Amino acid sequence: MISRYDVCKADIQAMAADLMHALEKPERVHSGLHNPLTVNEVKHFLEQEDTGNRWFVRGDNCLALGMLASLLMGFDPEKLPRIKPSGSRVLAFRLRPLMPFEGAEGIIAALCAGYRCVVNITEENRKQAGLITRLAKSYLNDLEQLLSFTTNPLPRFDAIVNYGSPLSKAGIGYLSGHRLLDLSEPGFTTIILSGNETGQDLSRVADRVCAFFGRTPWNVRSILVPEGYDFNPLLEEMERYRWQALHAGYFNHYEYSKAALLTGGHMHTDTGHLLLTTNESFRGRLAVLHYSFYKPDEINSPDFKLSGPDTDGRWGQNPFEGMLKKRFEMLGKFLYQSPEGCE
């Protein structure tokens, strides 16, 4: 007998395969097209200049969809609870994405578990929400009826998940009485470099700093380097992202910080699209990479551990996939902490 989980897994595998075909990466899958119309629709979406959210450009849309497809390929629905009857528990999502399609994997997993999913979005993310809805309708065999998006206040819900921008103090206070999983992961990411990184290593560091305009919690905002570190090889890798200076929103951040550094007389390096400085007060700003030095003998300390660029061993071709998988695992555990009505 074919189980509900087997059907859900087959549906998700088909979705992942078709996304790879839409991204023109058929070598990543071993099957043909399952839904040619949806593949063409995804291609059309990726070709649009106006995606609603000004920060979501074509290259980043492709990168994020590739991450989603890769994650779904390894997804096992049997690790999820089963809500009975399906749709009897409501899981709310607050979606304020800092990268394209952020939270889509969580919504898909919750649908497979049987939650009714109500997603609060802003107007600028309507187009991406529409594509997520159509993917659910095309592949998830009647589960799409459990999914709805709204720009209005959320109706009653049993638990809520936050993706993207961190909650305000007021938002945290409002949700304090609910089961909440906050996946916004606020804070600044720092990695420690030895100075012996290969060209491929430095390419990944550049991706960690610059991809998605440096806006996500996973982007590196600060690096720790040895005294006498030669920045030139790293800056050469970052040249691939010089095009970001043509983006009006990013350029505004760059110009604002550049003006502040100049008028304040702060030492900095200007690459034309990224500012490097040791000034701690600029740490965490868009278009700014903060750096500081450590002494060579510190690296031998038992408390000192190099942290970049591939220490989790799961970067593959995309340095964000390991972090995305960790967050997906956190969501799975949260879904299993489900209230009554769950098997």
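Some points to look at:
- Tally, over region 70-82, of residues that are within 15 Å of Gly106 (Cβ to Cβ) and either surrounded by 16 or more Cβ atoms within 10 Å (Cβ to Cβ) or modelled with pLDDT of 90 or more (or both): 6
- Condition broken by Gly32, with the remaining ones in (1) part of a helix (DSSP H, G or I); (2) without any contact (Cβ under 8 Å) to a residue 40 or more places away in the chain satisfied: (1)
- Output for region 167-187, where each listed residue is out of contact with any helix residue (DSSP H, G or I) (no Cβ under 9 Å at 6 or more places or on another chain), within 20 Å of Ala104 (Cα to Cα) and surrounded by 15 or more Cβ atoms within 10 Å (Cβ to Cβ): Ser184
- The criterion of being among the hydroxyl-bearing types (Ser, Thr, Tyr) and either assigned to a helix (DSSP H, G or I) or surrounded by fewer than 18 Cβ atoms within 10 Å (Cβ to Cβ) (or both) does not hold for Tyr291.
- When Ala110, Ala92, Ala64 are checked against the criterion of being of a type in the set (A, V, I, L, M, F, W, C), under 25 Å from Val209 (Cβ atoms) and in the same structural domain as Pro166 (by TED's automatic domain parsing), a single residue qualifies: Ala64.
- Complete set of residues in region 101-136 that are of a type in the set (Ser, Thr, Tyr) and either closer than 10 Å to Leu147 by Cβ or in contact (Cβ under 8 Å) with a residue 40 or more places away in the chain (or both): Tyr115, Thr133
- Unique match (being touching a helix residue (DSSP H, G or I) at 6+ places or on another chain (Cβ under 8 Å), charged (D, E, K, R), farther than 12 Å from Leu289 by Cα and touching a residue at least 12 places away in the same chain (Cβ under 8 Å)) among Arg204, Arg240: Arg240
- Looking only at region 234-285, and only at residues there that are part of a loop (DSSP other than H, G, I, E, B), surrounded by fewer than 18 Cβ atoms within 10 Å (Cβ to Cβ) and within 24 Å of the chain's Cα centre (by Cα), the one that is modelled with the highest pLDDT: His247
The values are calculated or read from the model by the stated rules, or taken from the named source; none is laboratory data. On a predicted model such as this, the values are computed, not experimentally measured, just so you know. Note that we place each Cβ from the backbone using ideal geometry, even for glycine, and neighbour counts take in every protein chain shown.
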